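A.B. asks: Supplied in structure tokens, the structure appears directly below.
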Amino acid sequence: MKFRVERDALADAIAWTARSLPSRPAAPVLAGVLLEATDGADGPSLTVSGFDYEVSTRVSIGVAVVTTGRVLVSGRLLADITKALPPHPVDVSVDGSRVAITCGSSKFTLPTMPVEDYPRLPDLPATAGTVGAAEFAKAVASVAIAAGRDDTLPMLTGVRLEIDGDRLTFAATDRYRLAVRELSWSPADPSAEPVQVLVPAKTLADVARSLTGGGLLTLSLGGVGTGNGSEGIIGFTGGGRHTTTRLLDATFPPYRTLLPTEWTASAEVDVPQFVDALKRVALVADRGTPVRLDFAEGGVSLSAGAEDEGRAEEQIEADYTGDAITTAFNPTFLIDGLTVMDAPVARLLFTTPTKPAVLRPLAKSAAGSSSDGNAETGSDGLASEYTYLIMPVRLPG
Amino acid sequence: MGRSADLPRQHNSGEDAADDTDCPILHVDMDAFFASVEIRRDPSLAGRPVIVGGGTRGVVAAASYRAREFGVRSAMPMGQALRLCPQAVVIRPDHAAYSSVSREVFAIFADVTSQVEGISLDEAFLDVSGAIRRAGRPVEIARAIRARVEGELGLTCSVGIASTKFIAKLASARCKPNGLLVVPAAETQAFLRPLPVGALWGVGAQTAAVLAGLGLQTVGEIAGTPPDTLRRALGVAQGQHLLALARGIDPRQVTPGTGEKSISTERTFDRDLTDPALARLELLRLSDELGSRVRAKGLRGRTIAIKVRFGDFRTITRSRTLPEGIDDGAAIYRIARELFDALGLDQPRIRLLGVRADQLGEGAEAVEQLAFDLGAQVAPPQTPTGLGEVMDRARSRFGAQALRPGSLVPAPTSARRDQAVP
């Protein structure tokens, strides 16, 4: 095998593939990346693949192929090397059990790994539809933050993805907060039956972030019983990169009933101002102790801490309607939700101090017609489609 | 407890009691509490040396005053205690019983003032400033408490009365057992000066050795030492802390309801454990017992910690803080086992295992992160079924062995042997 490739294209491809390699591989070959040089109908190309039985990654880049072939080398080492190469074309060739990498005047030789032991990557399942890669990444990030990290509750470590016609719905919860986001997309078959799957949250967030290059993202989903080995797998393709991940075999709890349909008080707050105030007041809140919020007409006062420790207080303006309410939240949970919703103004909806509060982004300025009960329907039609539900902390007494 | 018991005893509960002006802090300490509860339960033990503790490699949890005459002290290894006092009656601790009596003791305190800071089951600080108008001078309040504890519960306690918590605690230790001692505010310095440095809060064997190196044997000598000398020898924080205490300065307030900072169970094994599966079984037993004790106080722990001591006495602890407090043995065990498994021990020799609950809060009173109700499958770490409470009730009626996790039920052969013993 022998080929010449542009330095940046190679470095990007290797770095992306190596990123999802396991740090403690189940088998030594899984620490490798597979390099395959082919000369197909679309011209000569190099395909770089990685796999750990959960997540597979594959990216193709154009090269000048001299001879075709495949070789397996340590992914981490190759990533470190390609990242450090000088800006010159890179020549890669295999000589017996060694790979030579030449770039300008630097030359590396690496041992190869037994390519015949490398597992076959799963095929991409059937295409389900396409979605804007940037919107997809934003939607995933805004929901994945609420996913659980406790492996003893596996059903909460995933993001539930619901596909129904031209709507995608993402949902995740760790029992303390619930994030739900809707997004429109272009299904391959608009009349397909609705599908619900559970994707590992961390993998999904990584994938979504790394596939924003291509403008559009293609989702593929294995139909049950198609017999092609792609059941239980979801695939993502964008900008020449393909990745698959195994779906979680667990049932996401019914969550729609958690969303309150009515509330007794609502507040509109400036998000950056509120987040900054929360961060300041939270400085005196010990690990896991709450920030107390007193909402009343005209504003909200934040406080945290205790008399014998540190105490902090701050007031900010808020457009508040309803009876005064005192409630308390884990500041991290609150800051998470406000930050990911990516809006200048947020609306908070309350019923009682021990019931969940709803956070929604307001796309337009708070000075607008806030009396309208559906004011959170923003002008871009998307801002309304995010809901962050947060359980309060019960205060003593 | 052991150290202070070696100090000469003082007592001044008579009518000519010392001046208790500006001495609103009471330290009430039950006398040999666990042992006294056992003696009350079985009066034939009265006057005999009684040691509450377990196993040949366990430690003394409490010793009756008769046993202390032989030199037996709390926290002493059982082996040593039994060499000192071979005729002692050894009783396994029954924490449920001690908790229940403790609640009755604290109920008496609560009648006096709401300013009660529980330190442990058998010890509390009371700030009686607000009760003086209604219930009389601190000395009269202390006498009333002692009379009620003895009259209603058949137990004795000792009370130290002083202007600060630290002095009050020293005073109660000095008048034990069954005593009362006032350290008048004006005489605080005179009271402290002759005490050995070990009487100061925070001075253990190591610090005492450092102080001895400076030629400091008594509290009075510390009080007269230049601050810089102490800071250099002990570090800034501890140097200042000791100097303040030695001069009778203790700004700590009585903080009601603080209660115990942690509750722990631990067990030293007669022979080192080498099988991780057996170690997990012990963790289950300890977690189950810890859950009962945490529930008995109506508390929940937000931090769960394990302690592992190896055959070579190397000791490690690992802890995890949870978003919600837990009080259920199974939930505690889940955390304890994860912490234990994460140690990745290869062929360990385990001498001691312990499980501890920290950051305790009262179930209903404490700050509590609320969670969504997502159904039974998505409910851990706390089992919401009230199973723990049911187990507690069953155990209090039918005995501690009545209801246990299945894996802790002995194999059939030993079960038959249990039944054969009347």
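A.B. asks: Could you provide, to the nearest whole Å², the per residue accessible area of chain A with probe 1.4 Å? Before the final figure, lay out each step's value.
C.D. replies: Numbers: 17990 Å² over 397 residues.
Normalised by residue count, the accessible surface of chain A is 45 Å².
A.B. asks: Roughly how large is the B-A contact in terms of buried accessible area, totalled over both chains, probe 1.4 Å, nearest 100 Å²?
C.D. replies: Protein heavy atoms only, the B-A interface buries about 2100 Å².
A.B. asks: Okay, moving on. If each DSSP helix of 4+ residues adds -39,500 (n - 2.57) and the sum is divided by the residues in the protein assembly as shown, what number results at 222 nm, nearest 500 deg cm²/dmol?
C.D. replies: Computed ellipticity for the protein assembly as shown at 222 nm equals -8500 deg cm²/dmol.
A.B. asks: What are the residues of region B:320-362 that lose 10 Å² or more of accessible area, with a 1.4 Å probe, going from their chain alone to all protein chains?
C.D. replies: Buried by 10 Å² or more upon assembly, which counts only protein chains, are B:T321, B:P323, B:E324, B:R334, B:E338, B:Q359.
A.B. asks: Probe radius 1.4 Å, ligands and nucleic acids ignored: give me the carbon and sulfur share of the accessible area of region B:193-246 as a rounded percent.
C.D. replies: Whole-percent figure for carbon plus sulfur exposure: 59.
A.B. asks: Using a 1.4 Å probe, what is the accessible area per residue for region B:11-185, in Å²?
C.D. replies: Numbers: 6920 Å² over 175 residues.
In whole numbers, region B:11-185 has 40 Å² accessible per residue.
A.B. asks: Same structure, new question: Between A:P44, A:V33, A:G62, whose Cα lies farthest towards the positive end of the dipole of region A:26-76 when Lys and Arg beta carbons carry +1 and Asp and Glu beta carbons carry -1, centred on the Cα centre?
C.D. replies: Going by the Cα projections, it comes out as A:V33.
A.B. asks: Let me check I've understood the local charge: for B:E266, count other residues with C-beta under 9 angstrom from its C-beta, Lys and Arg +1, Asp and Glu -1. What total comes out?
C.D. replies: Overall, the nearby charge balance is +4.
A.B. asks: Please give the peptides B:43-49, A:194-200 ranked by average Cβ packing (other Cβ atoms within 10 Å per residue), highest first, as a rough proxy for protection.
C.D. replies: Highest to lowest by the protection proxy: A:194-200, B:43-49.
A.B. asks: A:H242: net charge of surrounding residues, Cβ under 11 Å, Lys/Arg +1, Asp/Glu -1, itself excluded?
C.D. replies: +1
A.B. asks: Pop a pseudo-label 7 angstrom from the Cα along the beta-carbon direction at both A:H88 and A:T351 and give the gap in nm to one decimal.
C.D. replies: 7.0
A.B. asks: Separate question: Read phi for every residue in region B:338-355 and hand back ³J(HN,Hα) as whole Hz from Karplus 6.51 cos²θ - 1.76 cosθ + 1.60, θ = phi - 60°, with x for Gly and Pro.
C.D. replies: Once rounded to whole Hz, the list reads 4, 5, 5, 5, 5, 5, x, 5, 10, 6, x, 10, 9, 8, 9, 10, x, 10.
A.B. asks: Another one. First compute the accessible area of region B:11-185 with a 1.4 Å probe, then give the percent of it belonging to carbon and sulfur atoms.
C.D. replies: So the carbon and sulfur contribution to the accessible surface is 53 percent.
A.B. asks: What residues have an amide H closer than 5 Å to that of B:V50, excluding those fewer than 5 places away on the same chain, when H is modeled at 1.01 Å from N in the peptide plane?
C.D. replies: Under 5 Å from the amide H of B:V50: B:S64, B:R66, B:A67, B:V89.
A.B. asks: How much of the accessible area of chain A, in percent, comes from carbon and sulfur atoms when a 1.4 Å probe is used?
C.D. replies: Using a 1.4 Å probe with all protein chains present, chain A comes out at 50 percent carbon and sulfur.
A.B. asks: Quick one: dipole size for the protein assembly as shown, taken about the Cα centre, charges +1 on Lys/Arg Cβ and -1 on Asp/Glu Cβ, in debye to the nearest 20.
C.D. replies: 3220
A.B. asks: Which is the longest part of chain A that has none of the GluC sites (Glu not before Pro) sitting in a DSSP loop with at most 16 other Cβ atoms within 10 Å? Can you show the working numbers first?
C.D. replies: Values: sites that count: A:E6, A:E54, A:E231, A:E262, A:E297, A:E307, A:E309.
No qualifying site falls inside A:55-230, the longest such stretch.
A.B. asks: Convex hull over the alpha-carbon atoms of region B:86-233: what's its volume per residue in Å³?
C.D. replies: 164
A.B. asks: Once each part is reduced to its C-alpha centroid, what is the distance from region B:291-313 to region B:185-210 in angstrom?
C.D. replies: When both Cα centres are located, 31 Å separates them.
A.B. asks: Follow-up. Per q in 0.15, 0.25 Å⁻¹, report the Debye log10 I(q)/I(0) for region B:193-246, using one uniform scatterer on each alpha carbon and no solvent.
C.D. replies: For region B:193-246, the Cα-only Debye profile gives -0.30, -0.93.
A.B. asks: Let me ask something additional. State which stretch of chain A is the longest one without any exposed trypsin sites (Lys or Arg not before Pro), exposure meaning a DSSP loop state and at most 13 other Cβ atoms within 10 Å.
C.D. replies: The segment A:150-286 is the longest one with no such site.
A.B. asks: With unit charges on the beta carbon (Lys/Arg positive, Asp/Glu negative), name the residue among B:Q87, B:S74, B:V101 whose Cα is farthest towards the positive pole of the charge dipole of region B:56-113.
C.D. replies: Looking along the dipole axis, the top candidate is B:Q87.
A.B. asks: Give me the inter-chain shielding for A:148-158: mean count of other chain Cβ atoms within 10 Å, whole number please.
C.D. replies: For peptide A:148-158, the averaged partner shielding equals 2.
A.B. asks: Going by alpha carbons, how many degrees (0 to 90, nearest 10) lie between the helix axis of A:75-84 and the longest principal axis of chain A?
C.D. replies: It is inclined by approximately 90 degrees.
A.B. asks: If every alpha-carbon in region B:11-185 counts as one equal scatterer, what log10 I(q)/I(0) does Debye give at q = 0.11, 0.12, 0.14 1/Å?
C.D. replies: Cα-only, vacuum Debye calculation for region B:11-185: -0.47, -0.55, -0.73.
A.B. asks: A follow-up question, please. Please report the net charge: other residues with Cβ closer than 15 Å to the Cβ of A:D164, K and R +1, D and E -1.
C.D. replies: Once all neighbours under 15 Å are counted, the net charge is -2.
A.B. asks: How many angstrom lie between the Cα centre of region A:316-354 and the Cα centre of region B:342-360?
C.D. replies: 41
A.B. asks: Summarise the partner chain shielding of A:180-189 as one whole number: the mean count of Cβ atoms from other chains within 10 Å of each residue's Cβ.
C.D. replies: Working: counts 0, 0, 0, 0, 0, 0, 0, 0, 0, 0.
Mean partner shielding for this stretch: 0.
A.B. asks: Two decimals, Cα atoms only, Kirkwood Rh: what is Rg/Rh over chain A?
C.D. replies: On the way: Rg = 25.1 Å, Rh = 23.6 Å.
My calculation of the ratio gives 1.06.
A.B. asks: Now for a different question. Just to compare against my own numbers: the Cα pair-distance distribution for region B:213-366, 10 Å bins, whole % per bin, please.
C.D. replies: Result returned by the calculation: 10, 30, 19, 22, 17, 1.
A.B. asks: From zero up to wherever the largest Cα-Cα distance of the protein assembly as shown sits, split into 10 Å bins and tell me the percent of pairs in each.
C.D. replies: For the protein assembly as shown, the pair-distance distribution reads 2, 10, 15, 18, 17, 15, 11, 7, 3, 1, 0, 0.
The values are calculated or read from the model by the stated rules, or taken from the named source; none is laboratory data. Since this is a predicted model, take the numbers as computed values, not measurements. Positions of Cβ are generated from backbone atoms using ideal geometry, with glycine treated the same way; all protein chains shown enter the neighbour counts. Just the protein is used for accessible areas: all its heavy atoms, side chains included, with ligands, DNA and RNA removed. Shrake-Rupley method; radii C 1.70, N 1.55, O 1.52, S 1.80 Å.
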